[in-house]
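Trainee: This is the structure, below, for whatever I ask next.
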There are 2 protein chains.
Amino acid sequence: MPAAAAALSPSAFIDRLVAITGPRGVMTAEGDMAPYLEDWRKLYRGHALAVVRPASTDEVAAIVRLCAGAGVSVVPQGGNTGLVGGAVPDGDGRSILLQLGRMNRVRGIDPIDYSMVVEAGCVLEAVQGAARDAGRKFPLSLGAEGTAQIGGLIATNAGGIHVMRYGMMRDLVLGLEVVLPDGSVLSELTTLRKNNVGYDLKQLFIGAEGTLGIVTAASLKLFPPLRATRTIFFALPSLADGPRLLSLCREFTGDAVESFELIPRQGIDFATAHVPGTVDPLEGRPEWTVLTEISGRSDERLQEDLDHLVEAAFQAGLVTDGTIAQSEAQSKALWLLREAIVEGQRLAPGIQIKHDVSVQVSDMPGFVHAASEAVWRIHPDALINPFGHLGDGNIHFNVTLKAGSTADAVKGVSEIVYRIIDDFGGSISAEHGIGRLKAAAHAARCPKPRADLAARLRKAVDPKGIMNPSVFRPAR
Amino acid sequence: MPAAAAALSPSAFIDRLVAITGPRGVMTAEGDMAPYLEDWRKLYRGHALAVVRPASTDEVAAIVRLCAGAGVSVVPQGGNTGLVGGAVPDGDGRSILLQLGRMNRVRGIDPIDYSMVVEAGCVLEAVQGAARDAGRKFPLSLGAEGTAQIGGLIATNAGGIHVMRYGMMRDLVLGLEVVLPDGSVLSELTTLRKNNVGYDLKQLFIGAEGTLGIVTAASLKLFPPLRATRTIFFALPSLADGPRLLSLCREFTGDAVESFELIPRQGIDFATAHVPGTVDPLEGRPEWTVLTEISGRSDERLQEDLDHLVEAAFQAGLVTDGTIAQSEAQSKALWLLREAIVEGQRLAPGIQIKHDVSVQVSDMPGFVHAASEAVWRIHPDALINPFGHLGDGNIHFNVTLKAGSTADAVKGVSEIVYRIIDDFGGSISAEHGIGRLKAAAHAARCPKPRADLAARLRKAVDPKGIMNPSVFRPAR
């Protein structure tokens with residue numbers, strides 16, 4: 001069959017797909033396929049033989065077997081909210097786009113075991129909701145949670161605002177069901193907490209961006225719900241105090257810091273200038289501020305902890321001002337400001353250059369200082385807006401150049417930022433992945449032993465090279 | 001050089017080793033090598049061309065290059081406290097034993113970043129101590145911590161008594177330095193919390209039991225120290241209430257359950273009969289008890305939490321009796337009882353058969369019931385002592401047969417236990433690994449897609465098959 005299938009005409013290939021999924025599972029009209037073939041930032045647009053929407057793991061396995069036999073590539077896609085072009089095919093039109101959205105069942109949830117089993121097409125918000133309905137918490141949270149699907153979140157090892165407390169997606173996965181590149185099914189939907197029987201194969205597929213197989217379902221860790229949380233906004237004397245304040249927060253709260261976000265003056269200015277309804281929470285225009293969410297066993301205790309924390313932070317000279325949200329509305333207003341930084345910068349005049357970088361938490365002040373100096377040396381009028389997840393060392397170091405700056409100037413800024421990241425032993429992709437957007441930048445700085453080992457792995461798992469072939473590979 | 005090296009005589013090979021490490025790094029006398037060639041349970045005894053004790057990563061790399069060229073296998077060893085024979089060579093004498101104990105420097109510790117970098121030969125207790133001295137906590141804790149080394153703990157993905165709170169060794173590793181089977185060095189001693197740049201290669205080596213490369217150093221996660229902890233001993237109405245009590249403990253303490261250990265009547269009887277100084281903590285000989293350690297922000301708050309917890313547990317009918325340690329001495333006495341179960345069973349008459357199995361936490365009562373019934377059906381007089389880490393579903397389901405039972409009877413008991421484990425989708429090695437001891441039992445139940453993928457991985461990373469070749473492979 002594979003030998004015969006290799007000679008399949010395109011229409012015979014489509015017939016085989018339809019035989020697997022039924023007609024509603026296969027689209028071939030350009031108009032139907034279009035929304036799936038472009039990423040949501042509209043950086044990439046590709047072509048495909050078909051968009052295929054399977055309804056079960058067996059269908060995915062049959063599709064992949066068919067493709068392996070026919071030499072057709074497979075590009076898996078979840079909610080298509082990725083930021084690096086990893087979920088859309090390239091322009092050659094010789095692949096299928098495999099869209100997992102119909103596989104969206106919660107297969108099971110066990111509150112006593114603090115675990116649930118969900119299919120790849122489940123939207124994150126639905127998973128959070130199902131956990132909540134069972135009296136439990138699934139803690140992954142990020143901007144795209146109303147659209148992003150579990151399969152894609154696993155394939156990209158997604159991050160978000162709670163990583164410092166609960167880890168990334170990798171840390172929340174207990175087991176996986178994966179269709180391998182030969183169409184066999186690795187079925188390890190275990191909810192075991194301990195299982196030392198050789199290689200932990202599921203780790204391969206988490207963060208592999210669909211290059212080693214198709215995640216069709218996952219078992220996930222759950223947590224007890226939070227009883228009380230408070231949102232606090234602190235002004236720092238200097239950025240250098242940020243990591244020390246974080247450390248103090250961890251120590252004074254029994255390690256219950258849910259998130260710890262850096263907000264620079266530039267970010268507040270972008271937000272308040274361009275996004276209606278945002279307000280600067282403090283007087284005096286502090287240069288560096290932090291938005292943190294802390295949880296506790298009860299409101300009373302949390303208040304007591306925060307009283308001690310605030311006192312200690314002032315005494316240690318780590319904060320100059322601050323405000324604790326006294327209501328849900330005040331808390332929402334603070335988080336709105338945090339979220340409005342992105343939109344405010346988008347609406348600001350000039351050319352916006354984004355980076356998703358990380359360094360060791362204690363190195364963040366040094367990195368921001370060095371990278372800012374380096375950018376300003378070339379572009380003295382650049383606006384620099386380094387905001388985001390200070391709690392886990394992941395800052396979106398965004399730069400605004402004046403309108404009319406050349407493409408070379410834009411590229412030059414990223415090269416400067418990445419060079420400083422290299423100096424600090426940091427990462428050029430903290431949470432968004434490599435996809436196609438960062439493949440060249442990553443390849444340029446990937447040490448040979450890592451590149452060799454990664455290539456050997458990929459070849460061993462996918463010898464025909466049919467799984468998401470454009471990802472991790474610089475365009476020629 | 002590899003081609004020439006392949007023709008090396010044994011003495012020329014040893015000369016090359018000595019040229020790399022100096023004479024104090026190479027032992028070849030049988031008497032000197034003996035302690036390294038036998039595992040501490042004395043189940044395995046092997047032979048080696050030499051025991052080599054390198055002092056640096058460069059030396060490890062040079063040794064592995066030499067071995068790769070000469071076709072000599074490499075068996076890595078840390079503190080030699082493994083329980084499945086994974087750290088001693090087999091009988092053919094064609095490998096070297098690579099002992100990492102001289103590489104025992106703490107390379108760095110950063111309390112603000114909550115991270116440290118240590119060499120593979122650091123003993124766990126020393127790592128815990130260095131973290132404590134810096135005002136931080138490294139939470140991995142297990143019986144062999146005074147001898148076990150970080151490299152071996154990583155290679156075996158070690159567990160212990162705090163897994164339910166902090167995870168296994170895998171969850172505590174931020175980065176690794178690994179000498180690959182061709183002698184190149186994968187140098188990823190990052191302390192980044194977020195780093196999504198393609199495959200997370202370090203995951204390959206954690207739990208691989210030395211079959212894919214030699215871990216020479218690691219960067220590790222640290223935590224804030226605990227402020228207050230209490231030890232509690234509960235009697236359960238039935239084993240079925242164990243998982244529900246655990247769930248209640250998590251909810252009533254802000255998820256601050258540090259450990260949750262099951263102690264059956266049989267375990268108490270073994271301990272109190274054979275280990276001096278142990279006492280039964282409660283009246284009335286309850287059949288099932290639990291030893292738990294819970295932490296809190298202060299003694300007062302913890303006491304308040306425990307008051308509420310105990311009240312709720314009694315109200316829900318999940319406990320029939322209990323005692324909270326009121327002093328360090330009382331706490332130690334309770335933990336002594338827990339630890340004395342192992343020694344007590346060792347000293348008891350009869351043949352002791354040990355199992356390190358896990359099931360989903362909520363399935364533990366069902367598993368223990370089913371496995372006990374199945375064993376008693378064949379051996380009505382067997383004593384069954386299922387104790388250990390209920391908090392993460394890992395029970396040491398140990399069975400005593402009467403003295404004089406045949407080897408077939410012993411083997412039969414393990415087969416019964418493993419068959420029930422299979423029925424529950426559990427693991428035949430929760431925390432000890434596969435090594436050589438469980439290779440056949442694992443191979444017999446390993447699904448084909450997993451076995452194939454694991455074999456392809458191993459071949460891709462170690463094409464010459466020189467890394468710890470007896471591990472994961474059933475003896476012929």
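The values are calculated or read from the model by the stated rules, or taken from the named source; none is laboratory data. Just so it is clear, the model here is predicted, and its values are computed rather than measured. Cβ: placed from backbone, ideal geometry, glycine included. Neighbour counts: every protein chain shown. These area figures cover heavy atoms from the full protein model, side chains too; ligands, DNA and RNA do not enter into them. Shrake-Rupley method; radii C 1.70, N 1.55, O 1.52, S 1.80 Å.
Trainee: Could you grab me the full set of residues in the range B:425-446 that are farther than 20 Å from B:Val74 by Cβ and either within 7 Å of another protein chain (Cβ to nearest Cβ) or touching a strand residue (DSSP E or B) at 6+ places or on another chain (Cβ under 7 Å) (or both)?
Mentor: Scanning the range B:425-446 gives B:Gly425, B:Gly426, B:Ser427, B:Ile428, B:Ser429, B:Ala430, B:Glu431, B:His432, B:Lys438, B:His442.
Trainee: Checking B:Glu145 against (1) in a loop (DSSP other than H, G, I, E, B); (2) acidic (Asp, Glu); (3) facing chain A (nearest Cβ under 10 Å), which test does it fail?
Mentor: (3)
Trainee: Within the range A:296-303, is even one residue out of contact with any Cys (no Cβ under 6 Å at 6 or more places or on another chain), modelled with pLDDT of 95 or more and assigned to a strand (DSSP E or B)?
Mentor: No, the range A:296-303 contains no residue that is out of contact with any Cys (no Cβ under 6 Å at 6 or more places or on another chain), modelled with pLDDT of 95 or more and assigned to a strand (DSSP E or B).
Trainee: Keeping to the range A:218-233, report how many residues are open to solvent by less than 40 Å² (accessible area, probe 1.4 Å) and of a type in the set (Ser, Thr, Tyr).
Mentor: Qualifying residue count, the range A:218-233: 2.
Trainee: If the requirement is being at the interface with chain A (Cβ under 9 Å from one of its Cβ atoms) and closer than 18 Å to B:Leu100 by Cα, which of these qualifies: B:Leu226, B:Leu124, B:Leu180, B:Leu153?
Mentor: Details: B:Leu226 fails: closer than 18 Å to B:Leu100 by Cα; B:Leu124 fails: at the interface with chain A (Cβ under 9 Å from one of its Cβ atoms); B:Leu153 fails: at the interface with chain A (Cβ under 9 Å from one of its Cβ atoms).
Selected residue: B:Leu180, the only one of B:Leu226, B:Leu124, B:Leu180, B:Leu153 that is at the interface with chain A (Cβ under 9 Å from one of its Cβ atoms) and closer than 18 Å to B:Leu100 by Cα.
Trainee: Within the range A:261-269, is there a residue that is within 30 Å of A:Arg105 (Cα to Cα) and open to solvent by 10 Å² or more (accessible area, probe 1.4 Å)? Talk me through it step by step, then tell me what you get.
Mentor: Initial filter on the range A:261-269 (within 30 Å of A:Arg105 (Cα to Cα)): none.
Scanning the range A:261-269, I find no residue that is within 30 Å of A:Arg105 (Cα to Cα) and open to solvent by 10 Å² or more (accessible area, probe 1.4 Å), so the answer is no.
Trainee: Go through (1) open to solvent by less than 20 Å² (accessible area, probe 1.4 Å); (2) closer than 28 Å to B:Val185 by Cα; (3) of a type in the set (A, V, I, L, M) and name the single condition A:Ala443 misses.
Mentor: Only one criterion in (1) open to solvent by less than 20 Å² (accessible area, probe 1.4 Å); (2) closer than 28 Å to B:Val185 by Cα; (3) of a type in the set (A, V, I, L, M) is unmet by A:Ala443, namely (1).
Trainee: Among the numbered criteria (1) more than 14 Å from chain A (Cβ to nearest Cβ); (2) open to solvent by less than 10 Å² (accessible area, probe 1.4 Å), which single criterion is violated by B:Val342?
Mentor: In the conditions (1) more than 14 Å from chain A (Cβ to nearest Cβ); (2) open to solvent by less than 10 Å² (accessible area, probe 1.4 Å), B:Val342 misses (2) alone.
Condition check ((1) within 14 Å of chain A (Cβ to nearest Cβ); (2) buried (at least 19 other Cβ atoms within 10 Å of the Cβ); (3) over 14 Å from B:Met164 (Cα atoms); (4) out of contact with any Asp or Glu (no Cβ under 9 Å at 6 or more places or on another chain)) across all residues:
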site: B:Pro243; (1), (2), (3), (4): yes, yes, no, no
site: B:Leu246; (1), (2), (3), (4): yes, yes, no, yes
site: B:Ser259; (1), (2), (3), (4): yes, yes, no, no
site: B:Pro276; (1), (2), (3), (4): no, no, yes, yes
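Trainee: Is at least one residue of the range A:194-213 among the small types (Gly, Ala, Ser), open to solvent by 20 Å² or more (accessible area, probe 1.4 Å) and facing another protein chain (nearest Cβ under 7 Å)?
Mentor: Here is the first cut: in the range A:194-213, the residues among the small types (Gly, Ala, Ser) are A:198, A:207-208, A:210, A:213.
Those left that are additionally open to solvent by 20 Å² or more (accessible area, probe 1.4 Å): none.
The answer is no; no qualifying residue exists.
Trainee: A follow-up question, please. Do any residues in the range A:264-279 that are under 17 Å from A:Val368 (Cβ atoms) and in contact (Cβ under 8 Å) with a residue 24 or more places away in the chain have Cβ atoms under 6 Å from those of residues that are open to solvent by less than 60 Å² (accessible area, probe 1.4 Å) and among the charged types (D, E, K, R), where the two are at least six apart or on different chains, and which pairs are they?
Mentor: Listed by first residue and then by second, the contacts come to A:Ile268/A:Asp280.
Trainee: A further question on this structure: Pairs under 7 Å by beta carbon, first residue closer than 20 Å to A:Asp452 by Cβ in the range B:445-457, partner surrounded by 13 or more Cβ atoms within 10 Å (Cβ to Cβ) and among the hydroxyl-bearing types (Ser, Thr, Tyr), six or more apart or different chains?
Mentor: Filtered contacts from the range B:445-457: B:Leu457/A:Tyr199.
Trainee: Which fully enclosed helices (runs of 4 or more DSSP H) of the range B:320-437 have 3 or more residues being over 30 Å from B:Val279 (Cβ atoms) and at pLDDT 95 or above?
Mentor: Details: elements: B:328-347, B:364-378, B:407-423.
So the answer is B:364-378, B:407-423.
Trainee: Take the residues in the range B:303-315 that are open to solvent by less than 60 Å² (accessible area, probe 1.4 Å) and closer than 20 Å to B:Ala240 by Cβ, then tell me which one is nearest to the other protein chains (Cβ to nearest Cβ). Outline the logic, then answer.
Mentor: Just the residues of the range B:303-315 that are open to solvent by less than 60 Å² (accessible area, probe 1.4 Å), to begin with: B:303, B:305-306, B:309-310, B:312-313.
If we keep only those that are closer than 20 Å to B:Ala240 by Cβ too, we end up with B:309-310, B:312-313.
On the way: B:Leu309: 11, B:Val310: 16, B:Ala312: 14, B:Ala313: 15 Å.
Checking each candidate, the answer is B:Leu309.
Trainee: Quick one: which strands (runs of 3 or more DSSP E) lie wholly within the range B:32-125 and hold at least 1 residues that are touching a residue at least 40 places away in the same chain (Cβ under 8 Å), more than 30 Å from A:Gln360 (Cβ to Cβ) and open to solvent by less than 10 Å² (accessible area, probe 1.4 Å)? Spell out the reasoning first.
Mentor: Working: elements: B:50-52, B:73-77, B:95-99, B:106-110, B:115-119.
Correct list: B:50-52, B:73-77, B:95-99.
Trainee: Same structure again: Going through B:Ala460, B:Ala430, B:Ala443 one at a time, which residue ends up being among the hydrophobic types (A, V, I, L, M, F, W, C) and either in the same structural domain as B:Gly210 (by TED's automatic domain parsing) or more than 30 Å from B:Gly71 (Cα to Cα) (or both)?
Mentor: On the way: B:Ala460 fails: either in the same structural domain as B:Gly210 (by TED's automatic domain parsing) or more than 30 Å from B:Gly71 (Cα to Cα) (or both); B:Ala443 fails: either in the same structural domain as B:Gly210 (by TED's automatic domain parsing) or more than 30 Å from B:Gly71 (Cα to Cα) (or both).
Answer to the selection: B:Ala430.
Trainee: While we're looking at this one, here's another question. I'd like to verify a number: residues in the range B:458-476 that are free of Cβ contacts under 8 Å to residues at least 12 places away in the same chain and at the interface with chain A (Cβ under 8 Å from one of its Cβ atoms), how many?
Mentor: Here the count works out to 2.
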